[in-house]
Amino acid sequence: AAEPVPATPPPPAPPSDQYALADEPASAQPSRSVSVRARNTIEARAIAHSYKKTMIPLLLLVGVLLVIICGVCIYIYTAAQPEFRGNNYHKTVLLLAVLSLPLAVVMFLGAWWFHHETSGRT
């Protein structure tokens, strides 16, 4: 005959620590101190600061390119012959001009915001 299965579940496993080594007892595991967390916070802020400093010229460059695209599109739109003003190409150029200028404003505002945050002034 088959043996009966015990009704009690096995004991729960002890909580695992991501910093524990396999051969170390639980009492020897290092704990994350306040100074380690503070150092990590300072490092994260320094990385964010350098990221923002890097993004400022890129945002300005993209904003200037979008303004140039808008100017070229407006020039193409106004210089078009009257017989071509109703076709799809003409409408696409107008749409590109209308969309590129607000995007350029967003790029300039982002560059200004990052400059404001990284310059140290409030």
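Within the range 51-69, is even one residue more than 23 Å from residue 112 (Cβ to Cβ) and open to solvent by 60 Å² or more (accessible area, probe 1.4 Å)? Step through it out loud before you land on a result.
Of the range 51-69, the ones more than 23 Å from residue 112 (Cβ to Cβ) are none.
Checking the range 51-69: not a single residue is more than 23 Å from residue 112 (Cβ to Cβ) and open to solvent by 60 Å² or more (accessible area, probe 1.4 Å).
Taking first residues from the range 45-68 that are over 18 Å from residue 109 (Cβ atoms) and partners that are of a type outside the set (Phe, Trp, Tyr), the Cβ contacts under 8 Å between residues at least 6 apart in sequence or on separate chains come to 49/118.
Pick from 79, 104: which is of a type in the set (Gly, Ala, Ser) and over 19 Å from the mean Cα position of the chain (by Cα)? Full working, then the answer.
Details: 104 fails: over 19 Å from the mean Cα position of the chain (by Cα).
Among 79, 104, only 79 is of a type in the set (Gly, Ala, Ser) and over 19 Å from the mean Cα position of the chain (by Cα).
Does the range 102-109 contain any residue that is on the phi > 0 side of the Ramachandran plot and either open to solvent by less than 70 Å² (accessible area, probe 1.4 Å) or of a type in the set (Phe, Trp, Tyr) (or both)? Before the answer, list the steps.
Keep residues of the range 102-109 that are on the phi > 0 side of the Ramachandran plot, which gives none.
No, every residue in the range 102-109 fails to be on the phi > 0 side of the Ramachandran plot and either open to solvent by less than 70 Å² (accessible area, probe 1.4 Å) or of a type in the set (Phe, Trp, Tyr) (or both).
Note on the range 70-88: residues that are part of a helix (DSSP H, G or I) and open to solvent by 70 Å² or more (accessible area, probe 1.4 Å) total 9.
The values are calculated or read from the model by the stated rules, or taken from the named source; none is laboratory data. Keep in mind that this is a model prediction, so the values were computed, not measured. Quick reminder, even Gly has a Cβ in these numbers, built from the backbone with ideal geometry, and neighbours come from all protein chains shown. Accessible surface areas use protein heavy atoms only, side chains included; no ligands, DNA or RNA. Shrake-Rupley method; radii C 1.70, N 1.55, O 1.52, S 1.80 Å.
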